[in-house]
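A short write-up of the structure that comes next.
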Amino acid sequence: MPSNARNLDFVTEAQLRDLVDFEGRGEIISTLYMDVSGKSHPRKSDYVSKAQQLIRSGKRAFNATSPTKKTLAVVSADLSRIQAFIEGEFRRKSAQGLAVFACSPRGLFQHFALPQIPKDRVVLEASPFVRPLNALVSEYSRYGIVLIGRKTARLFIFYMGALIEEAISVVDDVHGRHEQGGWSQARFSRHIEAEVARHIRHTAREAESAFAAAGVERIVVAGSKDITVEFLKALTKPSRDRVVARPGLKQSATVDEVARLVAEIEREAEARDDAELVAAVRAGMSKGKSVAGLAATLTALNSGRAQVLLVSRGYSCEGWRCVGCDSIAAIGPECPVCSDRMHRVSDVVEEAIESSLSQHVRTEIVTGNGDLDVFGRIAALLRF
Ligand SMILES: [Zn+2]
């Protein structure tokens, strides 16, 4: 399969930040998330009619809030455009989900393929509904894979489980091991080893520049053990620090085999990172370097002290937001910061994530970490 068939419009961290910072200036932003997987919707007409349903019920619910005529017209037009996009231009390829953001008066129309199935919904609010996207972005890193052999190498870049860059081949002119010519065996072997070493160094430079250009965060060096050991030595220190795995893999591996390997490595690396962060929360608590539980974490976010926010996947809880100072709290109605009155919010965890994102605080959605659940499903590492 040509790799460009896999190219999908996955969200980048920069695009997510732009959405978080997007100012509606009083306009309503239409957001749609939906399952477009082949499993749920075998044919295009299946997810097209699902989209119609979602949009219809979203519009009905919005109507019930008695919007102005002008606002309703904008929302109707934006939802129609989303519908038209799904019916027309959109190709799901290997995407499992779709997210679309629209606000025509502010020139916003953006769509992203999702590697996981999101909860189906249409959200019509004064800001883009980004929480599900953020959860995804926090889970995935850009992976650069070097599949290195004695005279050839293949480079791949994966993001969200899909190949996003054409595989690049590096072929160096290394003679076969047994083409002896007139040389003595020992001299010939030295010559070959020098050529292999040059090939390894050359591949290291190629990989480093391709990976830097693509914003690769983690590197996998695959191949036979003796070659990968040498390759590691040829990398610069910053690149070597990004190497997360060194699996054995044949040069002839298919893209699907590489993809499966990356998916497995990514799951393990993510779980390891989460465990490290949770361990840092535990270690920091007695020293005042971290907090856990809803109330303490919200306080840290309100005061801008959070450096990393950790939230267990699926955690949500009712809470409060202050009318006066915009603080969020677990218990109301009196604001713990300014004593003003607060109003109820249906999910204060969601508000916490949005507050964290808008402060550009690293936000990690943690899956299946029992220790974080014991801490109250939410915690933060503090900057001071
Ligand atoms: Zn307040």
| query | Pairs under 7 Å by beta carbon, first residue more than 22 Å from PRO132 (Cβ to Cβ) and in contact (Cβ under 8 Å) with a residue 24 or more places away in the chain in the stretch 334-353, partner within 9 Å of the ligand (Cβ to nearest atom) and in a strand (DSSP E or B), six or more apart or different chains? | reply | PRO336/ALA329; VAL337/CYS322
| message | Regarding the stretch 199-215, can at least one residue be identified that is closer than 24 Å to VAL11 by Cα, open to solvent by 70 Å² or more (accessible area, probe 1.4 Å) and within 21 Å of the chain's Cα centre (by Cα)? | response | yes
| Qualifying residue in the stretch 39-55 (condition: in contact with an Asp or Glu (Cβ under 6 Å, 6 or more places away or on another chain), open to solvent by less than 30 Å² (accessible area, probe 1.4 Å) and within 21 Å of ALA162 (Cβ to Cβ)) | no
| note | Exactly one of GLY376, GLY368 is at pLDDT 95 or above and more than 16 Å from the ligand (Cβ to nearest atom), and that residue is GLY376
| query | ASP21 passes all but one of (1) over 20 Å from VAL137 (Cβ atoms); (2) out of contact with any strand residue (DSSP E or B) (no Cβ under 6 Å at 6 or more places or on another chain); (3) charged (D, E, K, R); which number fails? | reply | (1)
| query | If you go through the stretch 352-362 one residue at a time, do you hit one that is of a type outside the set (Val, Ile, Thr), in contact with a strand residue (DSSP E or B) (Cβ under 7 Å, 6 or more places away or on another chain) and in a strand (DSSP E or B)? | reply | yes
| query | Somewhere in the stretch 178-196, is a residue in contact with a Ser or Thr (Cβ under 8 Å, 6 or more places away or on another chain) and either hydrophobic (A, V, I, L, M, F, W, C) or open to solvent by 60 Å² or more (accessible area, probe 1.4 Å) (or both)? | reply | no
| Can you tell which of ILE227, ILE192, ILE219 is among the β-branched types (Val, Ile, Thr), at negative phi and in contact with a Phe, Trp or Tyr (Cβ under 8 Å, 6 or more places away or on another chain)? | ILE219
| message | Looking at the structure I just gave you, is LEU114 within 20 Å of ARG313 (Cβ to Cβ) and of a type in the set (A, V, I, L, M)? | response | yes
| Test for THR31: is it at pLDDT 90 or above, closer than 17 Å to ALA102 by Cα and of a type outside the set (A, V, I, L, M) | yes
| query | Could you list, in sequence order, the residues of the stretch 216-229 that are crowded, with 17+ Cβ neighbours inside 10 Å and either out of contact with any strand residue (DSSP E or B) (no Cβ under 6 Å at 6 or more places or on another chain) or not in a helix (DSSP H, G or I) (or both)? | reply | VAL216, ARG218, ILE219, VAL220, VAL221, ALA222, GLY223
| task | Would you check which residues across the stretch 320-345 are farther than 18 Å from ILE378 by Cα and either among the acidic types (Asp, Glu) or more than 8 Å from the ligand (Cβ to nearest atom) (or both) and list them? | result | ASP326, GLY332, PRO333, GLU334, ASP340, ARG341, HIS343, ARG344
| Lone qualifier among ARG344, ARG377 - being open to solvent by 80 Å² or more (accessible area, probe 1.4 Å) and under 26 Å from the mean Cα position of the chain (by Cα) | ARG377
| Can you name every residue in the stretch 243-266 that is of a type outside the set (Val, Ile, Thr), closer than 28 Å to GLU139 by Cβ and in contact (Cβ under 8 Å) with a residue 40 or more places away in the chain? | LEU249, ALA253, ALA259, LEU261, ALA263, GLU266
| Before we move on, is ARG246 within 14 Å of VAL146 (Cα to Cα) and either loosely packed, with under 14 Cβ neighbours inside 10 Å or among the basic types (Lys, Arg) (or both)? | yes
| field | Enumeration of residues in the stretch 299-319 that are within 16 Å of the ligand (Cβ to nearest atom) and among the polar types (S, T, N, Q) | value | THR299, ASN302, SER303
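The values are calculated or read from the model by the stated rules, or taken from the named source; none is laboratory data. This one's a predicted model, so the numbers in the text were calculated from it and none came from an experiment. Please note: Cβ atoms are built from the backbone with ideal geometry, for glycine as well, and neighbour counts cover all protein chains shown. Keep in mind that these areas ignore ligands, DNA and RNA; they rest on the heavy atoms of the full protein, side chains included. Shrake-Rupley method; radii C 1.70, N 1.55, O 1.52, S 1.80 Å.
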